[in-house]
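J.: My structure is below; once you've seen it, I'll send some questions.
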Amino acid sequence: MRWSEDKRQWRRSKAGAVKKSSKKGTPILKRGLSLTILSAFLLIAAIYFFMWSWFPVRHVVVQHGNATIDEEAIRTVVSPHLRRGFFRAHVHGIQADLLQLPWIKTAMVEKTWPDNILIRLSLHDAVARWNKNAYLLDNGVVCQTRIPLTAVPLPEVNSPQNDAPALLEIYYALKADLATAALNIQSLNESSTREYSVVLSNGIVLNLGDKDLQQRMRRFVKVYPLELVDKANRIAYVDLRYENGLAVGWRSDDKTNIT
């Protein structure tokens, strides 16, 4: 549906000067003019409040670029406003209700005469899958939706805790460190005891423990291109929960300490 805000200008027409024929006739003329104005006002009010159904919203257009959206969710939010008709549909009310959907970043709503409503949306990006059944958005909000928010494969963030913003911050920090070694996160996992592990896209599991996560990740990134990159397909996990160094678990069940 399409709409642009319909800004009308109410103009006051200046009545021509009335020549006083007598002091007695002037009040009658003024009273008649006042009654005419009052009648016109009441007629307009009646049309606005009681005959709004004569001016329904017939077209709604939703613009959102190439993003995937939950059209049913938008229809559910907007439809109650449309029942009020074109004149009584409040653009600010529609906008406020749309912004309650966690994946909508901004919403602009306009009305265009005679029966169009236009909605322009910008959306939050889905950063990762959250606990396999929801999305973690770039604003740290967990969003459950009936349709996929993106067709692009996303990493996973898994946690029994309810602190998505903190997990998102950790995810961004570790992702930036790994990018220096041309490595990507397949999943970031937090345990019930707040210990962290990362599964890389090449299948290697990094055990980071519960503290100094970036310091430990940077130790791995420093060692990986020098000692491990040519053995990556043999590595099952790297344990970084050491003061100075790390332990490598090989797929053949051998273990070697590297300091």
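J.: Filter the range 134-166 for residues that are of a type in the set (A, V, I, L, M, F, W, C) and part of a loop (DSSP other than H, G, I, E, B) and give the result.
T.: The answer is 141, 147, 149, 151, 152, 154.
J.: Here is a further query. Six or more apart or on different chains, Cβ under 6 Å: which pairs go from a residue in the range 167-188 that's closer than 20 Å to residue 226 by Cβ to one that's part of a strand (DSSP E or B) and not aromatic (Phe, Trp, Tyr)? Could you list them?
T.: 183/200
J.: For the range 73-87, give me each residue that is part of a helix (DSSP H, G or I) and more than 18 Å from residue 139 (Cβ to Cβ).
T.: 74, 75, 76, 77, 78, 79, 80, 81, 82, 85, 86, 87
J.: A further question follows. Tally up the residues in the range 97-133 that are under 23 Å from residue 165 (Cβ atoms) and not in a strand (DSSP E or B), please.
T.: 11
J.: Next question, about the same structure. Exactly one of these conditions fails for residue 140: (1) over 26 Å from residue 58 (Cβ atoms); (2) in contact (Cβ under 8 Å) with a residue 40 or more places away in the chain. Give me its number.
T.: (2)
J.: Determine if the range 169-178 includes at least one residue that is under 23 Å from the mean Cα position of the chain (by Cα) and either modelled with pLDDT under 95 or of a type in the set (Val, Ile, Thr) (or both).
T.: Yes, because at least one residue in the range 169-178 is under 23 Å from the mean Cα position of the chain (by Cα) and either modelled with pLDDT under 95 or of a type in the set (Val, Ile, Thr) (or both).
J.: Can you name the strands (runs of 3 or more DSSP E) wholly within the range 179-222 that have at least 1 residues being at positive phi?
T.: Fully inside the range 179-222 and qualifying: 205-209.
J.: Across the range 88-106, which residue is surrounded by the fewest Cβ atoms within 10 Å (Cβ to Cβ) among those that are touching a residue at least 40 places away in the same chain (Cβ under 8 Å) and closer than 19 Å to residue 137 by Cβ?
T.: 102
The values are calculated or read from the model by the stated rules, or taken from the named source; none is laboratory data. This one's a predicted model, so the numbers in the text were calculated from it and none came from an experiment. Methodologically, a virtual Cβ is constructed for each residue, glycine included, from the backbone with ideal geometry; neighbour enumeration extends over all protein chains shown.
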